[in-house]
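Chemist: Please find one structure pasted underneath; my questions will follow.
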């Protein structure tokens, strides 16, 4: 079936889509906490205290994210295409819209692609109700699209041409809110998904079987309506230390899970306040940063040196602030990228292998466009 071929191209191994019912959201059995090869050295990389964000002095508009067919808007999810496939050229920006043309929160279901250069026009990749309330998306190595659709309450998987391959649903996927692809330095790749209804993190394993594990629970959620939602989000993955970063907008924290590929089901419980952890894998969880200047953060991007750029949404003075942090939580820079109404800064993604080549792209919901910070 087409889905098994798509997944095989992700993992580079023989990955099975289990039963045919998988394509309809059934037939997928969660693993019972299977053992995974622990990464080495499994340590968070050392801090680079030279701010990358401070060196990016230019702010440029790439183009509108309003799709040309249904005119949906309010861009949330943002990522970069790793390959040329389907509707994407390598380096293209993939964006999903959270609102329909009516601008009602959580009613959008379109994904567009833009070339990463000023003046780009959005290309409609797909539109479908399985994407309703698309809050985040990630692309596999073959540009296969994995989306966290909050309002539809599912996790659709689409080809690089926007064709629905399968739709993941079930009790472990409750109001999907975050999504990231992870390829560890050894072992099988995975997608990680976060849930805004119950504060859990799910690993979708792409090994010899298509299975999933709820590796963490207890993140704070506010059960907000679309437009006011806080839950674990802003997922970013660093293969160094096999580290997953999670943004917690309810507690204004950023946390990291080292050796995340080896964390089994139920491995981490986030305690009240979001700063301490328990469970069998508690030693792999650590607090990166807590408190101001974080203010309702929802998004994050990993820089080439391991630093994180985190995006606020709740600044009461009407600012849309990016915060740069080292992996161990040293504050390096604070940048206001939109002086309009607060709550405009959602998807963020970074490219570049060094400071000179780094670009930080972000969705600006006040202007319904993608912008870039560059040198």
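The values are calculated or read from the model by the stated rules, or taken from the named source; none is laboratory data. It should be emphasised that the depicted structure is a prediction, and the values quoted were computed from it without experimental measurement. Positions of Cβ are generated from backbone atoms using ideal geometry, with glycine treated the same way; all protein chains shown enter the neighbour counts.
Chemist: Considering only segment 41-88, state which residues are part of a loop (DSSP other than H, G, I, E, B), modelled with pLDDT of 95 or more and within 20 Å of the chain's Cα centre (by Cα).
Modeler: Hits for segment 41-88 are 65, 81, 82, 83.
Chemist: Confirm whether residue 323 is over 20 Å from residue 82 (Cα atoms), touching a helix residue (DSSP H, G or I) at 6+ places or on another chain (Cβ under 9 Å) and surrounded by fewer than 20 Cβ atoms within 10 Å (Cβ to Cβ).
Modeler: Taking the combined requirement at face value, the residue does not satisfy it.
Chemist: All but one of (1) over 19 Å from residue 196 (Cβ atoms); (2) modelled with pLDDT under 95; (3) under 20 Å from the mean Cα position of the chain (by Cα) hold for residue 319; state the number of the condition that does not hold.
Modeler: Against the list (1) over 19 Å from residue 196 (Cβ atoms); (2) modelled with pLDDT under 95; (3) under 20 Å from the mean Cα position of the chain (by Cα), residue 319 comes up short only on (3).
Chemist: Look at residue 184 and say whether it is farther than 16 Å from residue 246 by Cβ, touching a residue at least 24 places away in the same chain (Cβ under 8 Å) and assigned to a loop (DSSP other than H, G, I, E, B).
Modeler: Judged against the criteria, residue 184 is a match.
Chemist: Please go through segment 114-144 and pick out each residue that is part of a strand (DSSP E or B) and under 20 Å from residue 374 (Cβ atoms).
Modeler: Result: 114, single match.
One line per residue, one yes/no per condition, for (1) touching a residue at least 24 places away in the same chain (Cβ under 8 Å); (2) farther than 30 Å from residue 103 by Cβ; (3) crowded, with 24+ Cβ neighbours inside 10 Å:
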{"residue": "188", "(1), (2), (3)": "yes, yes, no"}
{"residue": "198", "(1), (2), (3)": "yes, no, no"}
{"residue": "218", "(1), (2), (3)": "yes, yes, no"}
{"residue": "223", "(1), (2), (3)": "yes, no, no"}
{"residue": "230", "(1), (2), (3)": "yes, no, yes"}
{"residue": "236", "(1), (2), (3)": "yes, no, yes"}
{"residue": "242", "(1), (2), (3)": "yes, yes, yes"}
{"residue": "248", "(1), (2), (3)": "yes, no, yes"}
{"residue": "257", "(1), (2), (3)": "yes, yes, yes"}
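Chemist: In addition: Name every residue in segment 229-255 that is more than 24 Å from residue 139 (Cβ to Cβ) and not in a loop (DSSP other than H, G, I, E, B), in order of residue number.
Modeler: Selection gives 248, 253, 255.
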